[in-house]
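Peer 1: This is the structure I want to talk about, given as structure tokens.
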Amino acid sequence: MNRTRLFLLAFIISTASFTANSTYSTTARVTITADLTNICQLSLPKNYVNFGRLTKESLIQNNNITTIIPINITCQGGFNQQSLTLSFIPQARNGHNGLPTSGILNTSLANVGIQLATNDNHYSQTLINGVNAKNHQPLTFYAPYHLNVSNRMDLNITAKPIVINHSDPITAGHFQSGLNIVMNYN
């Protein structure tokens, strides 16, 4: 039994001398944080449009039942203007009528659509997308409109319920549609 104690004592001494000759290291930690924000913010002061009660006759006669949808864009300094685009994407539930250049959203009611158009005199300077960037022209869906903006821009688009095909019937009922407005900065 004494031999075992002697062996353990020798092992402890040799371990202590090994530890005394080894290198010493320590660890310190640093935490790095940041808040990532968008350079530009897109807001819609009016994100719900209700035309109320309409008559079939007012749609057929194409009366001026139009509402304005404001679009506000606010940017912080130090961004590249050529990299900012705005796109208008019909919501999947109804899509659009005809070509994407028609600016007509389908609705949940057959033969009734929503005509969307530009509504600002400065669109030709603000939205650069060929002919459709001019005032009172139908929106082109999916196409990126390149924005020419400094730090703040207020745009308007118009929404107007219309009859898609005057030779097809219209039935009374509730209708709805939707549009996603997407701003990209590349």
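The values are calculated or read from the model by the stated rules, or taken from the named source; none is laboratory data. Not measured: the values here are computed from a predicted model. Reconstructed Cβ throughout: ideal geometry from the backbone, glycine too, with neighbour counts over all protein chains shown. With ligands, DNA and RNA removed, areas are computed over all heavy atoms of the protein, side chains included. Shrake-Rupley method; radii C 1.70, N 1.55, O 1.52, S 1.80 Å.
Peer 1: Checking SER108 against (1) of a type in the set (Ser, Thr, Tyr); (2) open to solvent by less than 60 Å² (accessible area, probe 1.4 Å); (3) at pLDDT 90 or above: exactly one of these is not met. Which one?
Peer 2: Looking at each condition in turn, SER108 falls short on (2).
Peer 1: Consider GLN125 against the criteria (1) buried (at least 17 other Cβ atoms within 10 Å of the Cβ); (2) at pLDDT below 75; (3) not in a loop (DSSP other than H, G, I, E, B): it satisfies all of them except one. Which criterion is unmet?
Peer 2: If we test GLN125 against (1) buried (at least 17 other Cβ atoms within 10 Å of the Cβ); (2) at pLDDT below 75; (3) not in a loop (DSSP other than H, G, I, E, B), just (1) comes out false.
Peer 1: Could we say that ASN80 is open to solvent by 40 Å² or more (accessible area, probe 1.4 Å) and either at pLDDT below 75 or under 18 Å from the mean Cα position of the chain (by Cα) (or both) here?
Peer 2: Against the criterion (open to solvent by 40 Å² or more (accessible area, probe 1.4 Å) and either at pLDDT below 75 or under 18 Å from the mean Cα position of the chain (by Cα) (or both)), ASN80 qualifies.
Peer 1: Cβ-Cβ under 7 Å, sequence separation 6+ or interchain: first residue in the stretch 48-59 and within 14 Å of ASN111 (Cα to Cα), partner surrounded by fewer than 10 Cβ atoms within 10 Å (Cβ to Cβ). Which pairs?
Peer 2: LYS56/ALA172
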